Structure formats: structure tokens, C-alpha cells
Amino acid sequence: MGSKEPIIGIDLGTTNSCAAIVDGEKDGVPQVKLIPYKGGDYTVPSIFAIDDKGNELIGYEAKRQWQLNPKNTIYGAKRLVGRSFRSDIVETMRKVVQYNVRPSEDNKEVVLDVGKKSLSLQDVSARILNKIRDVASNHLRIPVNRAVVTVPAYFSDRQRQSVKDAGKLIDLEVVRIINEPTAAALAYGVGKDLNKTVIIYDLGGGTFDVSVIEIRKQVFEVKSTGGDIFLGGIDFDNAMIHHILKEFRAKTGIDLSADPVAMQRIKDLAERTKIDLSSREEAPFNIPFITMTAQGQPLNIEMRFTRKLLEQLTLELVDRTLKIVARVLVDSGLSTKDIDEVMLVGGQTRMPIVQDRLTKFFGKPPSKGVHPDEAVAIGAALYAHSLQDDSNLKLQLLDVIPMGIGLEKAGGEMHVVFPRNSAIPNAKQLLGTTSADNQTELIMRIFQGDHTAVADNEQLGEFTFAGIRQAPSGQVQVEITFDVNIEGILTMYARDPATGKELKTTVRVTQT
Ligand code: AMP
């Protein structure tokens, strides 16, 4: 592949995606261009659908027909990427989405039924990535085959791997995965010669991330990170929807939750009303002919929402973000007064109460230094540019893993090899030994998460190291290396330290 071939930056968001590229340098400062989509928008909805004729629709085309075809319209899929069917998150998602989420034949992976097709989550992510790539290729008039893609800092190893795999499905080389808050810090700091400690508070459509980052000129060092993969704008919408359904039921005795078209109309207006309430104190909430009585009388929803009510309904969500901020700050070893700037990323940070609460927490208002919707794609493009052979931009990114990585001990306890917030890239060795005579294989189950019982963490895989020298129990040692690369992805290998011989490693992802 030619070194001149561009690497673009892609923010693959839960609700919206965005791409950017560096278009030359001016006075040594890279010039970033957001890639416009049809109509001049810079973001593409991360929505995939199949219409009744079997056509695949992505982005605005998919969003436009969402209300009429909610069962075959996939949104928020990013939250499910890299999850096993039996995880709590999949269970929760199944209750709130209109599309069919079911287990694969082996009961492990998640399968989505859309139109006449059954797709994996990688398939859906791949289609969205492909759309962004096509938009970029058309705009730039050159083929785009390489990208830096951002993921939430709180994504596990498996979720990161899934995004890389989605790229492979469409021959898009995901040159590097970087964390969304880290990308936002790049958008803020590149070319500015800064010496600052910032906190990035990133509340997007589906996920919440927070990172404390020290910027020293071109070095971006993440001190600590945290988040919640299940906390974002969608949850604010759901809190409203829940309230609307309850009120409607109280008034009419009718439960609308089983009516997909009604639910879609409510969802749509709930989000719009939520956004309206960021700039006004009150908004009507009216939907005509939402359903009919048993006698065939049409019924309407006629309500009013105030900003206060919205704040009450979502208080618990904002509280959760602040608890995570407090923990991440403790993990960084810093206090609020050590933070020079609080940066807001993600559409949901436009909600005034979010800004007010952060102002109280830090004793100063958040900075307006980055564009909340564009910073992540801009940062990804800057990083992409720094990886290009002909670039003068030299960046050093020092990141951390968001959750501990370790192995299962006897009794199902987690033996932590890398605690959360360990710097990456990072490698550690463990010395194991055989526990039976002539044992030729060693099997290890590896987990990611911060719980003491492995059952509460996510299994990354079962690693088998084969070809151990035959000897009495306890006589052969096996040196196992845990290697977490700069993207937060784990590889493992083992060798016999006495002979130096590498053992054969196979990985099986057995989901719990
Ligand atoms: P993102 O993933 O960053 O594109 O964030 C999208 C989320 O931000 C969606 O849940 C939107 O409803 C929400 N959002 C966008 N604009 C606003 C606004 N002005 N006030 C509140 N939420 C907003």
C-alpha cells in the first residue's frame, strides 16, 4: 500500500458518526477538514435498515424511514458490539429496542434480524464504516482503505477487537484504534504548545467516558479513565419515554409499549423535546392519533414538558456520571484544583444541568475549547496524520486500560495481572508450572473487569498453551506473557524458560 494513500479519522459513534482528514499543514500546524455528507452535514446517523423491497439503507436514509419500519431499523448497535448474548447489557437492550435481538445457534453471539437478513454486530458496524468510507472516498476522489477509528475509552479488549474485525470485513485497514476522550484531547492540544491537565467529560448518545489527560506539548498522557458503556443520551430519552408511557397509561389504561410504531413516534419526539429543553424552559409534547380505544376512538398524547421535569427524571443519570468523574479523579491522584480545563464532548453535554453540575463540582465552568460533536473525529484525523510517512507531526500518546485484566484462580477469583489504569503498551510475565505428571497443556481463562469474582467480569478468552515438555508434576515451568498493545488489545504467548522454546497458543472465546 502506498504511503501516500490517506489515512482518515473516523468517529464511529453510537448515534452519529463523523470522519475527518488532515489536508496539509500550515505553519507547521496540520489543517483538519471534516468530511461533509450529502447536504453539508458532517455527521452521519449510525443507523442501518432494510426496507420492504430488501434495499439496505444507511445513515439519513435509514433514519428517515425509522418510524414506519422500526423492526428493521438498527440503531445503538455499538452498545452491543463485542458482547455475549447472555450479558446483562444485551438483556437490557432487548427490552428497549424495536428490532429483534436473538442468540446465535451456539447461544453465544448476538444476531440481529433485519428484513430477510440475519446479521452479526460486526456486520452492522462494517456497513456503517463502509458508508463513511464511501462518503470520504467520493468527497476526496481517492480510494480510502485505511483509517484510525475511535472507540469509547471504556471499551474492553473484545469490543476493540470487534471494531477491527468489522474493518476487515470491508477491507478497511483499521490502522489504529484510539480512545474517544484521548482523540478529543488531541483536537484541543495539537499545535498549541500546552502544558495542562485536562479532564474530558464525554457524554454521547450511548456511552459515557471520562479521562484525565496531561498534555505536555506533543505528549498526551492519560492518567486515568473510566466510564459506563450504558449511559448516554439514549438513556435520557428512555427516562422521558418511561414517564410518557406511565402518564398515558394512568390516563387511558392503554399500554403503548407493545406498539412499535407508536413507540417510534414517542421516541422521536422525546429526543427532539429533550434537545429543545436545552435552550428553553418548557415544550409541548403532542402526538395526534397515537392509538385507538377499543371502540375505535382515536387517542392523542397531549402533554407539556418542563426543563425541571426533565432534570428530575434524569437526575440519577447525571449523578452517575459525577460519581464516575470523582472516581477517575481519585485514580489519577489529582484533585479538582489540579484540573486546568474541563472539556465537554458529546451531544448530551449540551444539557444545561450537566454543565451546571460540572461547574459546581470543579468550581469553574467547563471550557468551550472543543466542538462537542466534531472533536473526536478531528483528533482521530490528527492522529492518522501523525502515522503518515510524510507527516511532520510527531505525537506521543500514552494511554491506559479502562478495566483490570487478569486470570481465573482456583475458586473463581480474579488474579489481576494489569490493574485498571495501567499504562499501555504494557507487557507482564507470569511463571506457571504443571500440576500433573506429563502434563502437556496449560489452560488459562482470562477476564477483564474490576470485580473480585471472575464470573462478574467479561471473559476475554480461554488460552491453551500446548507442547509442554513431559515431566513430573511441578518440574516444568511455563513463562506466560500478557501483552497489551497501544490499542488496549491483549495477546498472550508462552515459552519454556529452561529451553526458550515457544509454546503453541490457541485462543477460544468462550463466553459466559
Ligand atoms: P453524540 O453521540 O455525541 O452525537 O451525542 C448524541 C446525543 O446527544 C443524542 O442522545 C442527542 O439526543 C443528544 N443531544 C444532541 N444535542 C443535544 C442538546 N442540545 N441537548 C441535549 N442533548 C442533546
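The values are calculated or read from the model by the stated rules, or taken from the named source; none is laboratory data. Predicted model, so just to flag it, every value in this text is computed and none were measured. As a convention, Cβ positions derive from the backbone with ideal geometry for all residues, glycine included, and neighbour counts pool all protein chains shown. Ligands, DNA and RNA are excluded from the accessible area calculation, which covers all protein heavy atoms including side chains. Shrake-Rupley method; radii C 1.70, N 1.55, O 1.52, S 1.80 Å.
Out of region 391-417, which residues are hydrophobic (A, V, I, L, M, F, W, C), touching a residue at least 12 places away in the same chain (Cβ under 8 Å) and not in a loop (DSSP other than H, G, I, E, B)? Talk me through it step by step, then tell me what you get.
Initial filter on region 391-417 (hydrophobic (A, V, I, L, M, F, W, C)): 393, 395, 397-398, 400-401, 403, 405, 407, 410, 414, 416-417.
In the following step, the residues that additionally are touching a residue at least 12 places away in the same chain (Cβ under 8 Å) were identified as 393, 395, 397-398, 400-401, 403, 405, 407, 414, 416-417.
If the condition is that a residue be hydrophobic (A, V, I, L, M, F, W, C), touching a residue at least 12 places away in the same chain (Cβ under 8 Å) and not in a loop (DSSP other than H, G, I, E, B), then Leu397, Leu398, Val400, Ile405, Leu407, Met414, Val416, Val417 are the ones that fit.
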Item to check | In region 178-190, the residues that are away from the ligand (no atom under 16 Å from the Cβ) and assigned to a strand (DSSP E or B) | outcome: Ile178
Checklist outcome for this item: Contact list, first residue from region 262-273 and open to solvent by 10 Å² or more (accessible area, probe 1.4 Å) and part of a helix (DSSP H, G or I), second anywhere and of a type in the set (Gly, Ala, Ser) and within 11 Å of the ligand (Cβ to nearest atom), beta-carbon distance below 9 Å, six or more apart or interchain, is Glu271/Gly233
Item to check | So Val484, is it over 30 Å from Glu180 (Cα atoms), β-branched (Val, Ile, Thr) and touching a Leu at 6+ places or on another chain (Cβ under 7 Å) | outcome: no
Checklist entry - Restricting the search to region 141-157, which residues are open to solvent by less than 40 Å² (accessible area, probe 1.4 Å) and out of contact with any Gly (no Cβ under 8 Å at 6 or more places or on another chain)? => result Val144, Arg146, Val151
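Given the criteria in a helix (DSSP H, G or I), away from the ligand (no atom under 16 Å from the Cβ) and among the β-branched types (Val, Ile, Thr), does Val222 qualify?
Working: in a helix (DSSP H, G or I): no; away from the ligand (no atom under 16 Å from the Cβ): yes; among the β-branched types (Val, Ile, Thr): yes.
Judged against the criteria, Val222 is not a match.
Taking the condition in contact (Cβ under 8 Å) with a residue 40 or more places away in the chain and touching a helix residue (DSSP H, G or I) at 6+ places or on another chain (Cβ under 9 Å), does Ala380 pass? Full working, then the answer.
Values: in contact (Cβ under 8 Å) with a residue 40 or more places away in the chain: yes; touching a helix residue (DSSP H, G or I) at 6+ places or on another chain (Cβ under 9 Å): yes.
Against the criterion (in contact (Cβ under 8 Å) with a residue 40 or more places away in the chain and touching a helix residue (DSSP H, G or I) at 6+ places or on another chain (Cβ under 9 Å)), Ala380 qualifies.
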Checklist outcome for this item: Residue hits (region 195-229; at pLDDT 95 or above, among the hydrophobic types (A, V, I, L, M, F, W, C) and touching a helix residue (DSSP H, G or I) at 6+ places or on another chain (Cβ under 8 Å)) are Val198, Ile199, Ile200, Leu203, Phe208, Val210, Val212, Ile213, Ile215, Phe220, Val222
Checklist entry - assigned to a helix (DSSP H, G or I), farther than 18 Å from Gly13 by Cα, touching a Leu at 6+ places or on another chain (Cβ under 8 Å) and within 16 Å of the ligand (Cβ to nearest atom) - does that describe any residue in region 226-233? => result no
Next on the checklist: Looking at region 328-343, I want the residues that are open to solvent by less than 50 Å² (accessible area, probe 1.4 Å) and have a partner that is outside any strand (DSSP E or B) and small (Gly, Ala, Ser) with Cβ atoms under 6 Å, at least 6 apart or on another chain. Which pairs are those?
Outcome noted: Met343/Gly369
Item to check | Residue list for region 191-219, restricted to those being buried (at least 24 other Cβ atoms within 10 Å of the Cβ) and away from the ligand (no atom under 16 Å from the Cβ) | outcome: Val198, Ile199, Val212, Ile213
Next on the checklist: Which pairs turn up if I take residues in region 492-503 that are touching a residue at least 12 places away in the same chain (Cβ under 8 Å) and look for partners that are open to solvent by 30 Å² or more (accessible area, probe 1.4 Å) and of a type in the set (Val, Ile, Thr) with beta carbon separation below 7 Å, at least 6 apart in sequence or on another chain?
Outcome noted: Met492/Thr505; Tyr493/Thr505; Ala494/Thr505
Checklist entry - Does Arg83 satisfy the criteria of being surrounded by 17 or more Cβ atoms within 10 Å (Cβ to Cβ), in contact (Cβ under 8 Å) with a residue 60 or more places away in the chain, of a type in the set (D, E, K, R) and more than 24 Å from Ile378 (Cα to Cα)? => result yes
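Could you say whether any residue in region 152-164 is assigned to a strand (DSSP E or B) and touching a residue at least 12 places away in the same chain (Cβ under 8 Å)?
As a first pass, look at region 152-164 and keep what is assigned to a strand (DSSP E or B): none.
Within region 152-164 (the criterion being assigned to a strand (DSSP E or B) and touching a residue at least 12 places away in the same chain (Cβ under 8 Å)), the answer is no, since none of the residues qualifies.
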